[in-house]
Amino acid sequence: MNSLNEEIGLKAKRMNLAPYFLKNSKKLDKMPPYPFPNLGTFANHYDETMEEVKTFFVDSSGFGREGEPALTQEQFHQELKELIEEHPEGLYIGISGEGQFQVYITAWKEKEE
């Protein structure tokens with residue numbers, strides 16, 4: 001999995017991908033399950049320029065159930081909505097790691113000066 005995430009990270013860097021900016025939690029209701037860019041190891045770049053707020057461990061297969069270590073899509077959307085409401089300035093969201101059936105999705109905010 002590490003080599004997969006490194007490959008994804010190199011591709012994200014070449015494509016100059018950036019996390020998705022999300023300020024309105026209601027937009028999540030109209031979005032596909034995981035519309036955020038897959039940054040792989042390139043996500044580490046954003047740890048240098050932004051402040052990590054939270055990283056979620058989420059089921060990406062659609063077969064996950066409540067009570068398992070990975071959040072279901074619905075649980076993730078609910079937790080992300082609450083997090084966005086706590087940060088009205090908006091958050092930057094990206095997939096920071098990918099496994100066979102789960103993903104890590106990280107939320108960052110701009111660093112305070």
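The longest stretch of the chain left intact once loop-based trypsin sites (Lys or Arg not before Pro) with at most 16 other Cβ atoms within 10 Å are removed from consideration, loops following DSSP, is 66-110. Positive contributions from Lys and Arg (+1) and negative ones from Asp and Glu (-1), summed over other residues with Cβ under 9 Å from the Cβ of Gly90, come out at 0. With q set to 0.12, 0.19 Å⁻¹, the log10 of I(q)/I(0) for the chain, from the Debye formula over equal scatterers at the Cα positions, is -0.40, -1.00.
No value in this document is a laboratory result; all are computed from the given coordinates. Keep in mind that this is a model prediction, so the values were computed, not measured. Positions of Cβ are backbone-derived with ideal geometry, glycine not excepted, and every protein chain shown enters the neighbour counts.
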